[in-house]
Amino acid sequence: MTTALYRRYRPETFAEMIGQAQVTEPLMTALRGDRIGHAYLFSGPRGCGKTTSARILARCLNCAAGPTDTPCGTCDSCVELGRGGGGSLDVVEIDAASHNGVDDARDLRERAVFAPARDRFKIFILDEAHMVTPQGFNALLKLVEEPPDHVKFIFATTEPEKVIGTIRSRTHHYPFRLVAPAAMLDYVEQLCTQEGVSVEPGVLPLVVRAGGGSPRDTLSVLDQLIAGSEDGAVTSARAVALLGYTPAELLDEVVDAFAAGDAAAAFAAVDRVVQTGQDPRRFVDDLLERLRDLIVVAATGDGASNVLHGVPAEELERMSRQAVTFGAERLSRIADIVVGALDEMSGATSPRLQLELMIARVLARAAAPAPASGAEQAPAPGAEQAPRAEMPQAGRFRACSDCTAGGTGRDAGVRRTGTDTWHPSARRTGGCHAVRTCRAGARHVGA
Ligand SMILES: Nc1ncnc2c1ncn2[C@@H]1O[C@H](COP(=O)(O)OP(=O)(O)O)[C@@H](O)[C@H]1O
Ligand SMILES: [Mg+2]
Ligand SMILES: [Zn+2]
């Protein structure tokens, strides 16, 4: 049995916290300047360090050498409130999820009367404070407003708006945030070194992505990967499979097929997505992420590694080759189509069908080299040639080859019923015709 990573690495001082400088710096300054409030509210997404910070703050306040911004770590209070400690009598952690009523508030009021057993303050940490009922909060109001000198409150919650305003206004409110990928990547890298595990290139960015900015979730994912690794080495293949990401090779295949306009290869890749039991939505999501990376590479060239953290060098090289083949404009056109598909896939009964239609759209419209700027876009092969420099004829209909507007009637921005929808290659026909831009960015001229 090993203890979970996120417990073994729970920070014991504010300096060890990552990505929450907006909270830790002012708190440390206040502690140094001896400007300590009597009630604090820590809010923010789950797993970002609220409970941890509440414990650190308690540790700072009750340290024998304190109040201090950096607990000494050796006094009784510091040891008891540290990672291995059993907790201190004077720091009461209350899980508001199960102690949320008036009776619990009364009980707390009675406990607050007594002076601390040993340390400077009696500190109440109310975790998941949004679970306290309004009656419970009201019963606490007087105490939170004017607590005895020896009492401090720390509320921690994911939903500060559910903490009644009268309580909130009596606290110092510190908002926690999701941690940025770059900081998180540094942190897990350092952690892997400390743990003595080797991780194949490209794995940690996936871990960071799977963690969604929450240090706890990120550490849990890493923990699981380490647990399932052989000889202390986490391989890329296992990580990708476990986390359900699309293997990079499959993305490469699709992107290369787009570049070559190779429909057979593109559909074969899609088939493999489905046959290997991957979620089509996830695939489209991953494809979009890849396109975004390619757009960044196309725009920044050699500077891309400063933006795309943790992408292995060989992958960057491959991506810059792909980016050059496409060019930024074509990439962004493909990305538009993929975004559209992602929208339509949520709730779609057949995500596979949507995925295949998306591939078809990309191949039809964006896989071909972009027209030279200024030139009008060529209509899709086989499409009816629109009359040029001619008034659109009433009743004549021509679907836009960029967005299927008119064809499916999906685009609110395009006039369809009883009128014509015109592709930009049909020349603008005068003031009486509405010009609109469709979702795919094409301009439509309708009668
Ligand atoms: N800012 C952070 N820096 C470093 N580790 C963190 C941070 N936030 C969370 N963690 C990790 O996640 C675990 C859970 O954090 P916790 O404070 O319980 O989150 P919350 O109360 O916000 O849900 C901690 O034990 C720690 O390992
Ligand atoms: Mg918590
Ligand atoms: Zn101490």
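Neighbour counts of C-beta atoms inside 10 Å place S169, S198 in the sequence S169, S198, starting with the fewest.
Within a Cβ distance under 14 Å of S53, other residues only, what is the Lys/Arg minus Asp/Glu net charge?
On the way: positive: R10, R46, K50, R55, R59, K152, R177, R216; negative: E12, E16, E25, D69, E93, D127.
Spelling it out: positives minus negatives among the neighbours equals +2.
Quick note on the stretch 229-316: its Rg to Rh ratio, both from C-alpha atoms and Rh being the Kirkwood radius, is 1.00.
Listed by chain and number, the lysines placed with their C-alpha closer than 18 angstrom to that of K50 are K152, K162; residues fewer than eight positions away on the same chain are left out.
Thinking of the stretch 1-145 as a set of Cα atoms, what percent of all their pairs are more than 25 Å apart? The calculated P(r) of the stretch 1-145 puts 29 percent of pairs beyond 25 Å.
Could you compute how fast the stretch 181-243 diffuses translationally, taking Rh as the Kirkwood radius over C-alpha pairs and applying Stokes-Einstein at 10 °C with viscosity 1.306 mPa s? Give it in µm² per second.
The Stokes-Einstein estimate is 141 µm²/s.
Rule-of-thumb check for the stretch 169-322: C-alpha Rg over 2.2 N^0.38 Å? Mind showing how you got there, number by number?
Working: Rg = 17.5 Å, N = 154, 2.2 N^0.38 = 14.9 Å.
Relative to the rule-of-thumb radius for its length, the stretch 169-322 sits at 1.17.
Need one word for the stretch 19-77: rounded, prolate or oblate. Basis is the Cα gyration tensor (sqrt eigenvalues a ≥ b ≥ c); a/c below 1.5 gives rounded, then a/b vs b/c decides. The shape class here is prolate.
Evaluated on the stretch 248-366, the Kirkwood hydrodynamic radius is 14.4 Å, with distances taken between all distinct Cα atoms.
For the stretch 78-195, compute Rg over Rh where Rg is the Cα radius of gyration and Rh is the Kirkwood radius from the inverse mean 1/r over Cα pairs. Please list the in-between numbers first.
Working: Rg = 17.0 Å, Rh = 16.1 Å.
Ratio of gyration radius to Kirkwood radius: 1.06.
Over all other residues within a Cβ to Cβ distance under 10 Å of G73, the charged ones net out to 0, with Lys and Arg as +1 and Asp and Glu as -1. In this simple spin-label approximation, R35 and D252 carry label points 7 Å from Cα along the Cα→Cβ vector, and these lie 5.6 nm apart.
Since every read-out is calculated from the coordinates, none of them should be taken as a lab result. Being a predicted model, the structure only gives us computed values, none of them experimental. As a convention, Cβ positions derive from the backbone with ideal geometry for all residues, glycine included, and neighbour counts pool all protein chains shown.
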